[in-house]
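Values in this text are rule-based calculations from the coordinates and carry no lab data. These figures come from a predicted structure and were not determined experimentally. Glycine also receives a Cβ, built like all others from the backbone with ideal geometry; neighbour counts cover every protein chain displayed.
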Ligand SMILES: [Zn+2]
């Protein structure tokens, strides 16, 4: 199995600009608060979406929801979760979703998207080549970041390109079709891709099963997601800045996502955590707090305070090499 390491540094302020990110977090909390007070929204109890463990203990509460930590596969997940129909409505009309799309489309695109897109696309095409995956049909699920999708479509990397998204899109690329659900997309795709849709779905295990059903034999499933095995989540827990409940209803661990994929008949060919922001995220978290507030963070405070300029970079590379970063990239082949 492969593991990708990305050595280029990333500008954390460009990926997660503080002012916009804090406004986005506020909108997410606002949308979640509305869900919590709406009587007609059903909330569903669930088992671990990674390994199906029943009765995972409560880890903490955040913004009115309850996170559990699976003692068997280390996946973190909210339970109960709002029904998917309510999340779909929020995905189209919610304040946070609209703001997120505005950010992607208007601002972040110019500042950092190009290199990030090339990075993800190169990865995808390499895995296709290495595994002799056909180039006929590509399908992206929940694709909000139209920059990635537009690159695939405009560069004619696949003969047929489908976007599964309920969001009205302004994408005007000839030969591209958009449908509202995977059922409408059809069967037998050579490549299925999802960026962060699993994190936001109320039933990621069900969605993985659906995706496996819609792949052609020998087809490739490529996933990017947050990762509960990573330093940011393991060290900061409830305070992890990217742990915003509506965006992270599930945070798979490396063990959890592998177990889930294999359960659906998919063979994992790559499992990587090529995240580049854990160390900077932890460093700025510690810098904003007095030592008494961070307990076991003392070692980390000392480490982050060391003046060796290579230390942070080496640590982030160590995290990537050992699957301990908070961003997950997985590729799997349908048997
Ligand atoms: Zn589990």
Task: C-alpha long axis of helix 204-214 to longest principal axis of the chain, angle in ° - done: 30
TODO: Could you calculate the contour length gain from residue 267 to residue 52, that is, 0.36 nm times the residue separation minus the distance between their Cα atoms, to one decimal place in nm?
DONE: 75.5 nm
Task: Order of 176, 89 - criterion: other Cβ atoms within 10 Å of each residue's Cβ, fewest first - done: 89, 176
TODO: Please report the Cα spread of the chain along all three principal axes, rounded to whole Å, starting with the longest.
DONE: 57, 50, 40
- [ ] Quickly estimate the mean residue ellipticity at 222 nm for the chain, helices only: each DSSP H run with n ≥ 4 gives -39500 (n - 2.57), and the total goes over all residues, rounded to 500.
- [x] -11500 deg cm²/dmol
Open item on the list: Quick check on packing: order 280-286, 57-63 by the mean number of other C-beta atoms within 10 Å, highest mean leading.
Closed with: 280-286, 57-63
TODO: Using only Cα atoms, tell me the angle between helix 278-287 and the longest principal axis of the chain; keep it within 0 to 90° and round to the nearest 10.
DONE: 30
TODO: Between residue 37 and residue 289, take the C-beta separation as r, use R0 = 22 Å, and let me know the FRET efficiency to the nearest 0.05.
DONE: 0.10
Open item on the list: Full-extension gain between residue 1 and residue 238, please, as 0.36 nm times their residue separation minus the C-alpha to C-alpha distance.
Closed with: 82.2 nm
- [ ] Name the most mobile residue of 52, 227, 139, meaning the one with the largest mean-square fluctuation, in a Gaussian network model of the chain with Cα contacts below 10 Å.
- [x] 52
- [ ] Choose one answer from 31, 122, 47: the residue with the largest mean-square fluctuation in a GNM of the chain with alpha-carbon springs under 10 Å.
- [x] 122
Task: Tilt relative to the chain, helix 84-93 - C-alpha long axis, 0 to 90 degrees, to 10 - done: 90
Open item on the list: Give me the one-decimal nm value for the distance between modelled label points at residue 184 and residue 306, 7 Å along each residue's Cα-to-Cβ direction.
Closed with: 5.5
TODO: Would you mind ranking 158, 252, 189 so that the residue whose beta carbon has the fewest other beta carbons within 10 Å leads the list?
DONE: 158, 189, 252
- [ ] Rank the residues 22, 229, 137 as a footprinting-exposure proxy: fewest other Cβ atoms within 10 Å of their Cβ go first.
- [x] 22, 137, 229
Task: Considering only the chain, percent of DSSP beta bridges that pair antiparallel, nearest 5 - done: 55
Task: Highest-fluctuation residue, 221, 303, 261 considered, GNM on the chain with Cα pairs under 10 Å - done: 303
TODO: Assuming R0 = 25 Å, can you tell me the calculated FRET efficiency for the pair residue 22 and residue 93, based on Cβ-Cβ distance, to the nearest 0.05?
DONE: 0.70
